[in-house]
Amino acid sequence: MNTMLRKSVLGIAGLAFTGGIFAGPIAAHAAEPVHSTKPVAASVQGAQSKIDLNDEQTANAKAIIAATKKAGLPERAAVISIATSLQESKLENLGHLGDKNDHDSLGLFQQRPSSGWGTPEQITNPEYSTLAFLKGLKQVDGWQDMPLTEAAQTVQVSAYPDAYAQWEQQAADIVAHNWNS
(Lines give C-alpha, C1' and ligand atoms only; values in the text may rest on other atoms or scores of the structure.)
Protein backbone atom coordinates (compact mmCIF):
# COMPACT_ATOMS: atom_id res chain seq x y z
CA MET A 1 0.00 0.00 0.00
CA ASN A 2 2.84 2.33 0.83
CA THR A 3 4.43 1.69 -2.59
CA MET A 4 1.13 2.31 -4.32
CA LEU A 5 0.60 5.58 -2.43
CA ARG A 6 4.14 6.69 -3.27
CA LYS A 7 3.62 5.92 -7.00
CA SER A 8 0.34 7.85 -6.98
CA VAL A 9 1.92 10.88 -5.35
CA LEU A 10 4.85 10.78 -7.78
CA GLY A 11 2.47 10.36 -10.71
CA ILE A 12 0.39 13.35 -9.61
CA ALA A 13 3.52 15.41 -9.03
CA GLY A 14 4.78 14.44 -12.51
CA LEU A 15 1.48 15.45 -14.09
CA ALA A 16 1.50 18.74 -12.21
CA PHE A 17 5.06 19.44 -13.36
CA THR A 18 4.27 18.54 -16.97
CA GLY A 19 1.07 20.58 -16.88
CA GLY A 20 3.04 23.53 -15.52
CA ILE A 21 5.56 23.32 -18.36
CA PHE A 22 2.84 23.34 -21.01
CA ALA A 23 0.43 25.68 -19.26
CA GLY A 24 3.16 28.12 -18.27
CA PRO A 25 3.39 29.80 -21.67
CA ILE A 26 -0.40 29.97 -21.88
CA ALA A 27 -0.64 31.55 -18.45
CA ALA A 28 2.16 33.97 -19.33
CA HIS A 29 0.28 35.08 -22.45
CA ALA A 30 -2.93 35.44 -20.48
CA ALA A 31 -1.22 38.01 -18.28
CA GLU A 32 -0.21 40.14 -21.27
CA PRO A 33 -2.55 43.02 -22.11
CA VAL A 34 -4.90 42.40 -25.00
CA HIS A 35 -4.68 44.97 -27.78
CA SER A 36 -7.94 45.58 -29.56
CA THR A 37 -6.43 46.97 -32.74
CA LYS A 38 -4.55 45.12 -35.43
CA PRO A 39 -1.49 46.75 -36.95
CA VAL A 40 -2.43 48.92 -39.90
CA ALA A 41 0.29 47.34 -42.01
CA ALA A 42 0.90 43.76 -41.08
CA SER A 43 4.22 42.43 -42.26
CA VAL A 44 4.66 44.17 -45.60
CA GLN A 45 5.54 41.62 -48.28
CA GLY A 46 7.95 42.11 -51.13
CA ALA A 47 9.10 45.15 -53.03
CA GLN A 48 6.83 48.14 -52.59
CA SER A 49 5.53 50.56 -55.22
CA LYS A 50 4.54 54.15 -54.64
CA ILE A 51 2.90 56.81 -56.77
CA ASP A 52 2.35 60.50 -56.15
CA LEU A 53 -1.35 61.19 -55.68
CA ASN A 54 -3.20 64.08 -57.25
CA ASP A 55 -6.19 65.77 -55.59
CA GLU A 56 -8.71 63.37 -57.17
CA GLN A 57 -6.79 60.29 -56.03
CA THR A 58 -6.44 61.72 -52.52
CA ALA A 59 -10.17 62.44 -52.41
CA ASN A 60 -10.88 58.86 -53.51
CA ALA A 61 -8.59 57.49 -50.77
CA LYS A 62 -10.45 59.64 -48.22
CA ALA A 63 -13.77 58.36 -49.60
CA ILE A 64 -12.56 54.77 -49.09
CA ILE A 65 -11.58 55.58 -45.51
CA ALA A 66 -14.97 57.24 -44.84
CA ALA A 67 -16.84 54.23 -46.26
CA THR A 68 -14.71 51.87 -44.16
CA LYS A 69 -15.62 53.84 -41.03
CA LYS A 70 -19.29 53.84 -42.11
CA ALA A 71 -19.11 50.05 -42.38
CA GLY A 72 -17.73 49.95 -38.83
CA LEU A 73 -14.52 48.25 -39.89
CA PRO A 74 -11.00 48.91 -38.59
CA GLU A 75 -8.09 50.67 -40.25
CA ARG A 76 -6.75 47.38 -41.59
CA ALA A 77 -9.84 47.08 -43.81
CA ALA A 78 -9.11 50.56 -45.21
CA VAL A 79 -5.50 49.57 -45.90
CA ILE A 80 -6.62 46.48 -47.81
CA SER A 81 -9.22 48.54 -49.70
CA ILE A 82 -6.82 51.31 -50.67
CA ALA A 83 -4.08 48.87 -51.69
CA THR A 84 -6.64 47.06 -53.83
CA SER A 85 -7.73 50.30 -55.46
CA LEU A 86 -4.12 51.36 -56.02
CA GLN A 87 -3.56 48.11 -57.92
CA GLU A 88 -6.83 48.12 -59.81
CA SER A 89 -7.11 51.79 -60.81
CA LYS A 90 -4.31 53.80 -59.13
CA LEU A 91 -7.15 55.31 -57.03
CA GLU A 92 -8.81 56.72 -60.16
CA ASN A 93 -12.54 56.30 -60.58
CA LEU A 94 -12.37 54.81 -64.05
CA GLY A 95 -15.28 54.77 -66.45
CA HIS A 96 -15.53 52.48 -69.44
CA LEU A 97 -12.08 52.13 -70.99
CA GLY A 98 -13.21 50.98 -74.43
CA ASP A 99 -10.52 49.07 -76.33
CA LYS A 100 -8.09 49.40 -73.39
CA ASN A 101 -10.30 47.03 -71.41
CA ASP A 102 -11.72 43.78 -72.71
CA HIS A 103 -14.22 43.57 -69.86
CA ASP A 104 -16.80 45.85 -68.30
CA SER A 105 -14.67 46.73 -65.25
CA LEU A 106 -15.36 50.16 -63.75
CA GLY A 107 -14.55 52.42 -60.84
CA LEU A 108 -11.93 52.42 -58.10
CA PHE A 109 -11.91 48.63 -57.71
CA GLN A 110 -12.50 47.69 -61.37
CA GLN A 111 -15.70 45.92 -60.42
CA ARG A 112 -17.86 44.44 -63.14
CA PRO A 113 -21.62 44.93 -63.50
CA SER A 114 -21.74 41.58 -65.32
CA SER A 115 -20.29 39.91 -62.21
CA GLY A 116 -22.98 41.32 -59.93
CA TRP A 117 -21.07 44.18 -58.29
CA GLY A 118 -23.83 46.67 -59.15
CA THR A 119 -24.87 49.00 -61.93
CA PRO A 120 -22.27 51.16 -63.71
CA GLU A 121 -23.60 54.17 -61.79
CA GLN A 122 -23.21 52.35 -58.46
CA ILE A 123 -19.77 50.96 -59.21
CA THR A 124 -18.46 54.39 -60.15
CA ASN A 125 -19.70 55.82 -56.83
CA PRO A 126 -16.68 55.62 -54.48
CA GLU A 127 -18.77 54.97 -51.36
CA TYR A 128 -20.89 52.28 -53.00
CA SER A 129 -17.93 50.51 -54.61
CA THR A 130 -15.97 50.55 -51.35
CA LEU A 131 -18.91 49.19 -49.37
CA ALA A 132 -19.35 46.47 -52.00
CA PHE A 133 -15.67 45.55 -51.71
CA LEU A 134 -15.88 45.56 -47.91
CA LYS A 135 -18.97 43.35 -48.00
CA GLY A 136 -16.90 40.81 -49.91
CA LEU A 137 -13.96 41.24 -47.55
CA LYS A 138 -16.13 40.58 -44.49
CA GLN A 139 -17.10 37.24 -46.01
CA VAL A 140 -13.44 36.12 -46.07
CA ASP A 141 -12.79 34.11 -42.92
CA GLY A 142 -9.76 35.48 -41.08
CA TRP A 143 -9.16 38.43 -43.43
CA GLN A 144 -7.88 40.50 -40.48
CA ASP A 145 -4.91 38.18 -39.97
CA MET A 146 -4.04 37.11 -43.49
CA PRO A 147 -1.57 38.76 -45.84
CA LEU A 148 -3.10 41.75 -47.61
CA THR A 149 -2.64 40.27 -51.06
CA GLU A 150 -4.47 37.08 -50.04
CA ALA A 151 -7.41 39.00 -48.57
CA ALA A 152 -7.67 41.28 -51.61
CA GLN A 153 -7.34 38.41 -54.07
CA THR A 154 -10.06 36.41 -52.34
CA VAL A 155 -12.48 39.29 -52.95
CA GLN A 156 -11.24 40.45 -56.36
CA VAL A 157 -10.27 37.16 -58.04
CA SER A 158 -7.62 38.87 -60.14
CA ALA A 159 -5.48 37.36 -62.87
CA TYR A 160 -2.52 38.81 -60.92
CA PRO A 161 -3.13 37.63 -57.35
CA ASP A 162 0.18 38.76 -55.87
CA ALA A 163 0.09 42.29 -57.30
CA TYR A 164 -1.80 43.82 -54.36
CA ALA A 165 1.11 43.36 -51.94
CA GLN A 166 3.24 46.03 -53.61
CA TRP A 167 0.85 48.77 -52.44
CA GLU A 168 0.59 47.83 -48.77
CA GLN A 169 3.05 50.38 -47.39
CA GLN A 170 1.61 53.31 -49.34
CA ALA A 171 -1.92 52.27 -48.38
CA ALA A 172 -0.91 52.01 -44.72
CA ASP A 173 0.71 55.46 -44.90
CA ILE A 174 -2.42 56.97 -46.48
CA VAL A 175 -4.66 55.45 -43.82
CA ALA A 176 -2.35 56.46 -40.96
CA HIS A 177 -2.30 60.04 -42.27
CA ASN A 178 -6.06 60.35 -42.92
CA TRP A 179 -7.88 58.02 -40.50
CA ASN A 180 -8.38 60.64 -37.79
CA SER A 181 -8.88 63.64 -40.05
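Tell me the net charge near Thr130. Cut-off is 13 Å between Cβ atoms, Thr130 excluded, with +1 for each Lys or Arg and -1 for each Asp or Glu.
+3
Heavy atoms of the protein only, probe of 1.4 Å, neighbouring chains included. What is the accessible area of Thr58 in Å², nearest 10?
50 Å²
Could you give the accessible area per residue of the range 64-147, probe 1.4 Å, as a whole number in Å²?
45 Å²
Can you tell me, using C-alpha contacts under 8 Å and at least 6 residues apart, the relative contact order of the range 49-181 as a whole percent?
Rounded, it is 29 percent for the range 49-181.
Grab the range 43-135 and count how many Lys pairs have their alpha-carbon atoms under 26 Å apart, sequence gap of 8 or more, or different chains.
Close lysine pairs under the 26 Å cut-off: 13.
When the accessible area of the range 109-181 is computed with all protein chains present and a 1.4 Å probe, what percentage of it is carbon and sulfur?
48 percent
For the range 129-181, what is the relative contact order in percent, using Cα pairs closer than 8 Å and at least 6 residues apart in sequence?
Relative contact order, the range 129-181: 26 percent.
In a shell of Cβ-Cβ distance under 10 Å around Tyr164, excluding Tyr164 itself, what net charge do Lys and Arg (+1) and Asp and Glu (-1) give?
Net local charge, Tyr164 excluded: -4.
The values are calculated or read from the model by the stated rules, or taken from the named source; none is laboratory data. In this text the structure is predicted, and so the values were computed from the model without any measurement. Note: ideal-geometry Cβ built from the backbone for every residue, glycine included; neighbour counts use all protein chains shown. Ligands, DNA and RNA are stripped out before the accessible areas are found, and what is left, the full protein with its side chains, is counted by its heavy atoms. Shrake-Rupley method; radii C 1.70, N 1.55, O 1.52, S 1.80 Å.
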